[in-house]
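Notes follow the structure.
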Amino acid sequence: MSETMKAKTNGDVGAPVFVVDGLRRHFGGVPAVDGVSLSLRSGEVLGLIGPNGSGKSTAISIISGFIKADEGSVVLDGRDITNRRSDQVARSGLVRTFQIPRVWGELTALEHLLISGVAVAEESLRTALIRRRHLRELERATARRAAEVLDYLNLGSLADTRAGSLSGGQKRLLEFGRLMMLKPKVILLDEPFAGVNPTMVQQLQKVIDQLRSEGVAILLVEHNLQALTESVDRVAVLALGRLIAEGDIETVRQIPEVVTAYLGERKRK
Amino acid sequence: MSTLTDAIGYGLVSAILIALSASAFSLQYSVSGVPNFAHGDLLTIGAYGALVAQRMGLNLAAGAAIGGISGGIFGWLMYRVVLRTFVRRGARLVFTVAVTAGIALILENSIGLIFGNSNVNLVVANQVARHIGPFLWTNTQLVILIGGAVLLGALYFILLRTDFGRAIRAISDNPDLARASGVRVERTVQMTWLMCGALAALAGVALAMSEPNFGIYLGSDFLLVTFAAAIIGGIGKVNGAVIGALIIGVVTEVSGSYLSAGFKQVCAITILVIVLLVRPNGLLNIQRAGAEA
């Protein structure tokens, strides 16, 4: 665990629900992620910032099982999930979004949530053909929860609309709905506010607050510093694949390395 | 007039056979990105499975079940043992085409080795034709029409109303998103190959029932119309495969009855080319060229 991490976690109460330790991945000898360590407690929101190419998205992809790590470990709720398949990672309670909101264009909004619901754990030809009673009950419960989540996200009236015809912001909300259906312990959000209008940003923030109040730990990768200030407890700064600073946002802002690597670049814009 | 309606009637029987075969081909392609050139041999396996059952003294219904199960197992094995490796490594289309064409050769020669290269036939009772509305159908053709419609209905039910079906559609659309949502992509793709193998084999049993006799190329000779129907509709879509099958089935039978039976394949290819000239992605216009599983 890095020095910055130790300094932070020693002062906290409660064991972290999510620990990344010494994560490393090289591409053709070039380090994309170079010994990154992070930890999150239930209900905590950690911002992950860094300039383009600093390894933020690669780190998310490794943690969520889309890219294999060369070294290091990812532990969720005491279980080592390092290099597990991405679908196993999702079912174990660690879920992610993508930089550009992704939906299944041909499926309805409701179907998105049903797929992500509990019933998805049971999908097979056998259960599709022999619809056992407990499965039907499970499906009914999933359908009820899906309807509730859609209403909560103000997408209730669009339940039967094909996701491909939703607006960008609605697609982003639907992604959050998909996450909520998976009953996650940890959520990785890859630039959730990018290209979203201010009203929608507020709505997304409301959802994030709701999730954290339910005890979900959130790792939020973001370029939008303003949004980050309002949403996160701490920030970690990544540059060239390495974690160069971590702490509350005001402290981190003062670190000269950070100003050079990231904030300085933003100020010049 | 009666020639035309008779031809349309035969065309509908052809269409249901093509629809079963093309839906199976299309679904396998949409979840795995593999255009299965050994697809025709799944039909042949179904027909020979039914033949074996009949030779053992079982009736045709039991024969169809055995044929369907054989096709399911072979479809699953094809993917699980051979194609999965290529799909995982992101092999280019030309390689999967070559591999599946190779599997086709192996299967055809193996069937020839076991059953001999001379033609065989399924014993089908009572070929009396009767008029139903404007159409003239034999009992066998009626069984094929009704059985085929029931199978297609079941397929639609699975795709639209079950978790397995929703998972198939999600994987066809965006496999990474499916993984991120906890869908067991690998298992679902394998189960799709199993289901579609069984569907193709049942189409093979029906095809063998409608032919006076058949041989080891029963299914591979049917591949062209299967491809044409799947591609016309917009590959990867079951709706498209069914619409494509209706067009190909009816037009080829009608043209065959006015021209010569030898023109049927030419006619299928002509329709394919014309449709693709107007709509390059097929009638239902799917952009995506398959998924990686």
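What to note about this one:
- Positive minus negative residues near A:GLN203 (Lys, Arg vs Asp, Glu; Cβ under 14 Å): -1
- A dipole drawn for chain B from +1 and -1 charges on Cβ atoms has a positive end, and of B:ALA50, B:VAL99, B:SER21 the residue lying farthest that way is B:VAL99.
- The angle between the Cα long axis of helix B:185-210 and the longest principal axis of the Cα atoms of chain B comes to about 10 degrees, rounded to the nearest 10.
- Descending by average beta-carbon neighbour count within 10 Å, the peptides A:28-38, B:9-19, A:186-196 line up as B:9-19, A:186-196, A:28-38, the highest first.
- At R0 = 51 Å, FRET efficiency that the Cβ-Cβ distance of B:VAL52 and A:ALA194 yields, to 0.05: 0.25
- At an R0 of 41 angstrom, the distance between the Cβ atoms of B:THR270 and B:THR85 translates into a FRET efficiency of 0.60.
- Globularity index of region B:140-289 is 1.15 (Cα radius of gyration / 2.2 N^0.38 Å, N = number of residues).
- Highest-first packing order for the peptide set B:58-66, B:86-94 is B:58-66, B:86-94, based on the mean count of other beta carbon atoms within 10 Å.
- Tilt relative to chain B, helix B:163-173 - C-alpha long axis, 0 to 90 degrees, to 10: 70
- Where labels lie 7 Å past Cα in the beta-carbon direction, separation of B:ARG279 and A:SER165 in nm: 1.7
- The protein assembly as shown: antiparallel DSSP beta bridges as a percent of all, rounded to 5: 60
- Sequentially through region B:73-83, phi angles give Karplus couplings (6.51, -1.76, 1.60; θ = phi - 60°) of 5, 5, x, 5, 4, 3, 6, 5, 8, 10, 6 Hz, Gly and Pro residues having no value and appearing as x.
- With respect to chain B, whose longest principal axis is taken over its alpha-carbon atoms, helix B:39-55 is tilted by about 50°.
- Dipole of region A:179-250, positive direction: furthest Cα of A:ILE218, A:MET181, A:GLN203, with charges on the beta-carbon: A:MET181
- Across all Cα pairs in region B:1-152, the calculated P(r) in 5 Å bins from zero up to the longest distance comes to 2, 8, 15, 18, 17, 15, 12, 8, 4, 2, 1, 0 percent per bin.
- The fraction of accessible area contributed by carbon and sulfur in the protein assembly as shown is 59 percent, rounded to a whole number (1.4 Å probe; ligands and nucleic acids excluded).
- In region B:139-174, comparing the full protein assembly with the chain on its own, the residues that lose 50 Å² or more of accessible surface at a 1.4 Å probe are B:ASP163, B:PHE164, B:ARG166, B:ARG169, B:ASP173.
- Peptides A:242-251, B:237-246, A:159-168 ranked from most to least packed give B:237-246, A:242-251, A:159-168, packing being the mean of other C-beta atoms within 10 angstrom over each peptide's residues.
- Residues of region B:122-147 falling in the label zone of B:THR5, defined by backbone nitrogen less than 13 Å from a point 7 Å along Cα to beta-carbon, are B:130-137.
- Listed pairs A:LYS56/A:LYS185; A:LYS68/A:LYS185; A:LYS185/B:LYS237; A:LYS185/A:LYS206; A:LYS171/B:LYS237; A:LYS68/A:LYS206 exceeding 27 Å between Cα atoms: A:LYS185/B:LYS237; A:LYS68/A:LYS206
- Remark on region A:69-108: accessible area falls by at least 50 square angstrom from chain-alone to full-complex state for A:ASP87, A:ARG91, A:ARG102, A:TRP104, probe 1.4 angstrom.
- Calculated accessible area for region B:188-258 comes out at 27 Å² per residue, all protein chains present (probe 1.4 Å; ligands, DNA, RNA ignored).
- P(r), alpha carbons of the protein assembly as shown - 20 Å bins starting at zero, rounded %: 20, 44, 26, 10, 1
- Surface accessible to a 1.4 Å probe, per residue, for the residues of region A:51-123, Å²: 35
- Accessible solvent surface per residue of region B:51-111, calculated while the other protein chains remain in place, 1.4 angstrom probe, Å²: 55
- Chains B and A, summed buried accessible surface - 1.4 Å probe, Å², nearest 100: 2600
- Farthest positive-ward along region B:159-293 dipole, Cα basis, beta-carbon charges - from B:SER255, B:GLY219, B:THR162: B:THR162
- Taking Cβ atoms as reference points and 15 Å as the exclusive limit, the residues near A:LYS185 contribute a net charge of +3, counting Lys and Arg as +1 and Asp and Glu as -1.
- Each of A:HIS134 and A:ASP151 was given a label point 7 Å from its Cα along the Cα-to-Cβ line. The distance between the two points is 2.9 nm.
- Mean Cα-pair separation over length for region B:18-173, i.e. relative contact order, pairs under 8 Å, 6 or more apart, %: 24
- For chain B: relative contact order, % (alpha-carbon pairs under 8 angstrom, 6 or more apart): 38
- With R₀ fixed at 30 Å, the C-beta to C-beta distance from A:LYS183 to A:GLU230 puts the FRET efficiency at about 0.70.
The values are calculated or read from the model by the stated rules, or taken from the named source; none is laboratory data. Quantities reported herein were computed from a predicted structural model and do not represent experimental measurements. For neighbour counting, all protein chains shown are included, and Cβ atoms are generated from backbone atoms with ideal geometry for every residue, glycine included. Accessible surface is based on the protein model in full, side chains and every heavy atom, while ligands, DNA and RNA are left aside. Shrake-Rupley method; radii C 1.70, N 1.55, O 1.52, S 1.80 Å.
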